[in-house]
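Working notes, beginning with the structure itself.
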Amino acid sequence: MTAAGLRLNTRALDIPIGTVFGSWTVIKRDGTRQSNRNAQWLCKCACGSCRTIDAPALRHGKSTSCGCSSRGDMAEKIAALSTPEPNTGCWLWLGALNDRGYGRVKQVSRFRRAHIVSWELQRGPVPDGLCIDHLCRVKSCVNPDHMEPVTKRENTLRAHAFRRSQRDRD
């Protein structure tokens, strides 16, 4: 106990500087998180980025890198879970689909739309204020050549025009 009557988490204080957890290297103690009183450590990833990480996340392997090591793995996953469709050039997603028909892929610790992950791997982040539109109108396509960043309004207008053209054909 401290003089203020708070319990001191002594286990959080014993991570030596320079200790390696996955791709993280501990640089220095960076305070304590107020919400759960976990010790925070400033760590440097093998790629060079720095981030503050909770001690339990380091100790229990819940944080092993900033996500940089998963880029190559993710490109392999996208390739393994898609197949080229020779007539249209689409790369059809063979993995899980969400309730709206878009491919789903787990990246780091959350599920994301596969076509957006594919875009980011090939072209970089989606520009702020824009979303990815499938030019081919195939929701399960993950071919970045079939995508374009557009405003949400433009994406909606294109989708409505496509649905109208489909109704008119029938």
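The values are calculated or read from the model by the stated rules, or taken from the named source; none is laboratory data. Here the structure is a predicted model, which means the values were calculated and not measured. Here the Cβ is made from the backbone with ideal geometry for all residues, glycine too, and neighbour counts use every protein chain on show. Protein only, heavy atoms only, side chains kept; ligands, DNA and RNA dropped before computing areas. Shrake-Rupley method; radii C 1.70, N 1.55, O 1.52, S 1.80 Å.
A few remarks follow.
- Selected residue [within 30 Å of Lys62 (Cβ to Cβ), in contact (Cβ under 8 Å) with a residue 12 or more places away in the chain and of a type in the set (A, V, I, L, M)] from Val138, Val105: Val105
- Count of the range 101-115 residues which are among the small types (Gly, Ala, Ser) and exposed (fewer than 14 other Cβ atoms within 10 Å of the Cβ): 2
- Conditions (1) in contact with a Phe, Trp or Tyr (Cβ under 6 Å, 6 or more places away or on another chain); (2) at pLDDT 95 or above: number failed by Arg137: (2)
- For the range 139-168, residues that are aliphatic (A, V, I, L, M), in a helix (DSSP H, G or I) and either open to solvent by 60 Å² or more (accessible area, probe 1.4 Å) or closer than 18 Å to Pro127 by Cβ (or both) total 1.
- Output for the range 74-125, where each listed residue is in a helix (DSSP H, G or I) and under 20 Å from Cys136 (Cβ atoms): Ile78, Ala79, Ala114, His115, Ile116, Val117, Ser118, Trp119, Glu120, Leu121, Gln122, Arg123
- Residues being of a type in the set (Gly, Ala, Ser), free of Cβ contacts under 8 Å to residues at least 24 places away in the same chain and either open to solvent by 40 Å² or more (accessible area, probe 1.4 Å) or assigned to a loop (DSSP other than H, G, I, E, B) (or both) - total across the range 15-34: 1
- Consider the range 116-135 and keep the residues that are more than 12 Å from the chain's Cα centre (by Cα) and farther than 20 Å from Cys90 by Cβ. The one that is surrounded by the most Cβ atoms within 10 Å (Cβ to Cβ) is Leu130.
- Residues that are of a type outside the set (A, V, I, L, M) and open to solvent by 40 Å² or more (accessible area, probe 1.4 Å) within the range 35-47 comprise Ser35, Asn36, Arg37, Lys44, Cys47, listed in sequence order.
- Residue match in the range 62-74 (condition: over 30 Å from Ile17 (Cβ atoms) and either open to solvent by 60 Å² or more (accessible area, probe 1.4 Å) or at pLDDT below 95 (or both)): yes
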